[in-house]
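Enquirer: One structure coming up, written as structure tokens, with questions to follow.
The values are calculated or read from the model by the stated rules, or taken from the named source; none is laboratory data. In this text, all values refer to a predicted model and were calculated from it rather than measured experimentally. Neighbour counts are summed over all protein chains in view; Cβ atoms, including those assigned to glycine, are modelled from backbone coordinates with ideal geometry. We work out accessible area using only protein heavy atoms, side chains counted, and drop any ligands, DNA or RNA first. Shrake-Rupley method; radii C 1.70, N 1.55, O 1.52, S 1.80 Å.
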Amino acid sequence: MKPLALQTVLSHLSEAHGELRLLFARLQFAVLVAYLEDPGPAVCRTHSTRFYRFDRADVTDDAAFLFSEERRFWRCVEEGREPPQILPA
């Protein structure tokens, strides 16, 4: 049996997953706003904000792949197994 705190976190993440899928189904586009900070010295640190628009029609296949991989990942989490590594070490 999983500790109560872990069960609570998994429950909230599962609910968030469902909400994300519903949101994706309703939206036609999304805008990602990235606030970037240059890691240089504080006195000359620079900041920039970038905006990236994603049209739903252009990312439908990517989203389907991510949702599929997410289900595989959560099965591993729920079964207490380490998920397979996707990115190179």
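Enquirer: Could you list, ordered by first residue, the pairs with Cβ atoms under 9 Å in which the first is in the stretch 29-50 and in a loop (DSSP other than H, G, I, E, B) and the second is among the polar types (S, T, N, Q) and open to solvent by less than 100 Å² (accessible area, probe 1.4 Å), at least 6 apart or interchain?
Expert: Asp38/Thr46; Asp38/Ser48; Gly40/Thr46
Enquirer: Looking only at the stretch 9-62, count every residue that is among the aliphatic types (A, V, I, L, M), exposed (fewer than 11 other Cβ atoms within 10 Å of the Cβ) and at pLDDT 75 or above and tell me the total.
Expert: Total meeting the criteria: 6.
Enquirer: Consider Phe65 carefully, then state whether it is at pLDDT 85 or above, assigned to a helix (DSSP H, G or I) and open to solvent by 60 Å² or more (accessible area, probe 1.4 Å).
Expert: Yes.
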